[in-house]
Amino acid sequence: MRAALLIQRWYRQYVARLEMRRRCSWNIFQSIEYSGEQDHIKLYNFFGCLMDHFTPASSQKKWISHIFHESDAFQDMELERYFSYKIIEVPDVYSGPHLTFPLTISNVTELVDAFKNKQKLHAHYVLRLLEKTLMLLRFLPNINHVSTCKYKEITICGDLHGHLEDLLLIFYKNGFPSAETPYVFNGDFVDRGKESIEILLVLFAFQLLYPHDVHLNRGNHEDHIVNLRYGFTKEVLGKYRVHGKQILRLLQKIFSWLPLVTVIDHKVLILHGGISDKTDLNLISKLDRQRFVSAFRPMRGEASVRQEEAERDDGRRRVQSLSYSTAVRLRPDIPRHSLHSASRRDVGSVEEELSERRRLAGLGLTSDQGSAKDLQTEAWKQIVDVLWSDPMPQNGCVPNDVRGGGCYWGPDVTQKVLDRHKLQLLIRSHECKQEGYEFCHNRRVLTIFSASNYYDVGSNRGAYIHLGPDHIPHFKPFQASRTTRELTLRQSVGRTERSALQALRMLLFTHKSELMREFLQHDPQHTGLISLRSWAVAMETVLHLSLPWRVLRSQLVSSSNDGMLNYDDWFNQLSIIQPNAKIANTSLLETLYKHHSNLETIFRMIDTDHSGLISFEEFHQTWKLLSSHLQTNISDKAISELAESIDFNKDGSIDINEFMEAFRLVEQSRADRKPSPTTGQRTTDKLTTTQNLSDITR
């Protein structure tokens with residue numbers, strides 16, 4: 001008996017340690033994910049700020065407008081002419097599925113089987129399927145009302161994020177959508193995964209086949225600006241090189257027409273992100289949702305777009321404020337800045353404008369209960385809250401400064417909103433959960449997430465819900481990867497932990513400048529040494545990830561002398577930049593790696609024709625804008641040398657592969673690492689030459 005108790009106690013301790021490591025790895029992944037979302041919002045605000053506050057010279061005006069102006073108000077006739085599938089011929093050698101319209105069940109099952117076998121649907125059928133989907137979505141309300149009276153149960157799925165394997169497993173376990181097996185898919189179909197377009201085409205096909213039994217809600221990743229960063233744009237252009245631009249443009253329109261909310265039996269509310277203390281379903285039901293093409297900006301009416309274009313042609317500038325849907329004329333007392341005089345502008349005015357933007361959109365750190373006087377602005381904020389918000393355990397409603405968008409709402413807000421609309425349960429997605437689902441707020445809020453292995457193989461399970469007439473959710477967890485099922489618990493946790501720590505090390509390296517400055521605050525004598533306690537404090541001060549740094553210390557710090565850390569050697573043990581030998585200005589490239597994801601997003605914003613190329617002139621103009629914003633002086637010669645050095649094949653333009661290769665981060669083996677000098681003063685001197693560029697997205 002004593003031996004059995006000893007073994008039992010040992011095993012419980014062993015499992016507890018594994019669970020602690022698993023949760024710690026989970027926190028690392030989630031903190032890095034939310035940090036990336038903050039960076040993306042800051043990046044877009046930065047470009048929006050440039051567009052609103054700078055009036056470039058006439059030679060540059062067209063270029064900047066080309067980046068930021070989007071004619072999302074194109075007419076139906078223009079849409080039909082621009083995306084016509086009739087002119088795209090299907091060659092005889094094409095062996096993929098052939099779709100006929102109206103779709104049949106055999107068409108859709110053939111499509112699913114083709115995607116299961118890694119086949120691609122021809123662009124002719126893709127555009128035709130998307131066109132039919134858009135025609136259907138335009139007749140759907142903002143809030144879909146579904147009844148369980150004719151069903152035994154309804155299946156509800158959360159985020160899929162391009163994980164086609166998860167969707168196919170759900171269909172295998174639960175059956176294809178049909179009149180007897182209705183589904184609600186709760187947004188975030190795209191980004192991060194590698195098969196987002198396949199998921200969209202499958203879901204759209206089933207919705208066309210069963211329009212009353214398949215319901216799709218919009219998620220925060222059904223947004224073309226978000227897609228620029230998180231992979232969907234790149235995926236479509238990679239799979240459909242010739243017609244990718246048309247497909248993306250049509251999807252942009254489709255995303256704006258996706259319904260926002262589904263309500264079951266007037267008792268269960270299903271939406272992607274969440275609610276706020278201002279959420280009003282009556283107002284949401286009346287929105288012109290198609291005009292909110294992106295949650296990063298308010299809607300733009302067709303008249304205001306045409307008026308803005310006319311006035312731009314006349315040489316007069318109007319600013320599209322995020323506070324109002326109509327164009328707002330600049331006050332005459334505000335000076336207008338050219339690109340070359342922008343560095344002398346009043347930075348405070350820019351920050352005030354950004355603060356006002358974030359406040360009204362719920363994307364900032366301040367709130368104003370009486371700010372939503374304009375109906376369209378209030379409507380916009382309703383959509384931002386629906387797509388971006390997260391629950392919190394405390395009462396109240398505060399801006400979501402972790403994600404950078406929407407709000408955090410508490411149990412009191414849940415009770416208030418559900419009781420106001422006579423609802424019992426709120427089902428949402430938007431957050432990855434280790435078991436695929438999680439209750440909160442006295443079991444009145446349920447999060448469902450259907451992408452298993454989201455961060456890495458073994459990181460989490462996916463789940464879907466069966467909901468019957470009794471409105472009691474029944475969970476169906478699953479794990480799509482066969483590899484995960486073959487791993488032991490220790491192997492699975494170890495694999496996830498290694499992946500999380502590697503991602504964290506890369507993040508630490510990209511914040512090297514800020515960490516160095518913070519370390520020097522704890523090392524006033526410039527000895528190159530700080531205590532491990534100071535190291536932990538500095539890490540949280542700079543990164544704001546709310547991680548248990550003292551627990552992680554043994555994983556991140558390999559050795560120390562008498563409780564002291566040589567931080568120069570520590571940085572060398574993480575990872576280093578190895579720029580191509582042909583690249584000039586390597587110190588600049590090292591600094592810019594911090595914005596690795598932002599740089600790819602910037603490239604795709606510049607490359608508005610999706611050709612995969614940017615010219616030297618576009619590259620040059622981009623850097624002039626960045627230097628103006630940063631109030632730094634980067635010479636034309638330095639910019640030209642950088643562009644030429646990135647152009648590896650010397651064809652006079654920069655393609656996406658060359659652009660990203662210039663900022664490639666690589667690992668070195670410990671045997672090849674060479675420690676750098678530990679003089680704090682030399683570090684300080686180097687930081688003064690590079691730290692300005694690290695504030696691009698602040």
Worksheet item: Hey, with R₀ at 25 Å, roughly what FRET efficiency would residue 375 and residue 140 work out to, going by the Cβ-Cβ distance, to 0.05?
Response: 0.65
Worksheet item: How many angstrom lie between the C-alpha centres of segment 145-179 and segment 216-243?
Response: 23 Å
Worksheet item: How high is the FRET efficiency between residue 286 and residue 266 when r is their beta carbon distance and R₀ equals 25 Å, given to the nearest 0.05?
Response: 0.90
Worksheet, complete the sentence: Filtering GluC sites (Glu not before Pro) in segment 79-132 by DSSP loop and by at most 13 other Cβ atoms within 10 Å leaves 89
Item to complete: Using amide H atoms built 1.01 Å from N in the peptide plane, name the residues 5+ places from residue 438, or on other chains, whose amide H lies under 5 Å from its own.
Response: 447
Response to the item:
Given 394-400, 158-164, 224-230, 429-435, the highest-first ranking by average Cβ count within 10 Å works out to 158-164, 224-230, 429-435, 394-400
Fill in: Cα→Cβ-extended label distance, 7 Å offset, between residue 533 and residue 615, nm
6.1 nm
Response to the item:
Expected field for residue 381, accessible surface area in Å² at 1.4 Å probe radius, rounded to 10, holds 40 Å²
Worksheet item: Looking at this model, which pairs from 86/152; 150/173; 150/381; 239/650; 118/245 are more than 31 angstrom apart at the alpha-carbon?
Response: 86/152; 150/381
Worksheet entry | In nm, spacing of pseudo-spin labels at residue 150 and residue 424 (7 Å Cα→C-beta vector) | 2.2 nm
Worksheet item: Once the piece of chain linking residue 412 and residue 640 is laid out straight, how much longer is it, given 0.36 nm per residue of separation minus the C-alpha distance between them?
Response: 76.3 nm
Worksheet item: How much of residue 145 can a 1.4 Å solvent probe reach, expressed as accessible area in Å² and rounded to 10?
Response: 120 Å²
Worksheet entry | Candidates per chymotrypsin sites (Phe, Trp or Tyr not before Pro) in segment 110-191, loop by DSSP, up to 11 other Cβ within 10 Å | 139
Worksheet, complete the sentence: With label points set 7 Å from each Cα along the Cα-to-Cβ direction at residue 487 and residue 10, the distance between them in nm comes to 2.5 nm
Item to complete: Please turn the phi angles of segment 105-117 into ³J(HN,Hα) values with the Karplus equation 6.51 cos²θ - 1.76 cosθ + 1.60 (θ = phi - 60°), one per residue in order, whole Hz, x for glycine and proline.
Response: 4, 5, 4, 6, 5, 5, 5, 4, 5, 5, 5, 4, 9
Worksheet, complete the sentence: Expressed in µm² per second, the diffusion coefficient of segment 481-560 from the Stokes-Einstein equation, with Rh the Kirkwood radius over alpha carbon pairs, at 4 °C and 1.567 mPa s, is 90 µm²/s
Response to the item:
Sorted by chain and number, the residues with a modelled amide H under 5 Å from that of residue 146, at a separation of 5 or more or across chains, are 263, 264, 265, 266
Item to complete: Work out from phi, with θ = phi - 60° and the Karplus expression 6.51 cos²θ - 1.76 cosθ + 1.60, the ³J(HN,Hα) of each residue of segment 177-184, listed in order in whole Hz, and give x for Gly and Pro.
Response: x, 6, 5, 9, 10, x, 10, 10
Item to complete: Select from segment 95-131 those trypsin sites (Lys or Arg not before Pro) which occupy a DSSP coil region and have at most 14 other Cβ atoms within 10 Å, ordered by residue number.
Response: 118
Response to the item:
Phi angles of segment 188-198, converted by Karplus (6.51 cos²θ - 1.76 cosθ + 1.60, θ = phi - 60°) into ³J(HN,Hα) in whole Hz with x for Gly and Pro, give 6, 7, 10, 6, 6, x, 9, 10, 5, 5, 5
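Please label the shape of segment 127-184 as rounded, prolate or oblate, based on the square roots a ≥ b ≥ c of the eigenvalues of the alpha-carbon gyration tensor (a/c under 1.5 means rounded; beyond that, a/b larger than b/c means prolate, else oblate).
It is oblate, given that a/c is not under 1.5 and a/b is not larger than b/c.
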Response to the item:
To the nearest 0.05, the calculated FRET efficiency linking residue 98 and residue 27 through their beta-carbon distance, R0 being 51 Å, is 0.60
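The values are calculated or read from the model by the stated rules, or taken from the named source; none is laboratory data. In this text the structure is predicted, and so the values were computed from the model without any measurement. Glycine gets a Cβ as well: all are built from the backbone with ideal geometry, and neighbour counts include every protein chain shown. Side chains are part of the model used for accessible areas, which takes the heavy atoms of the whole protein and leaves out ligands, DNA and RNA. Shrake-Rupley method; radii C 1.70, N 1.55, O 1.52, S 1.80 Å.
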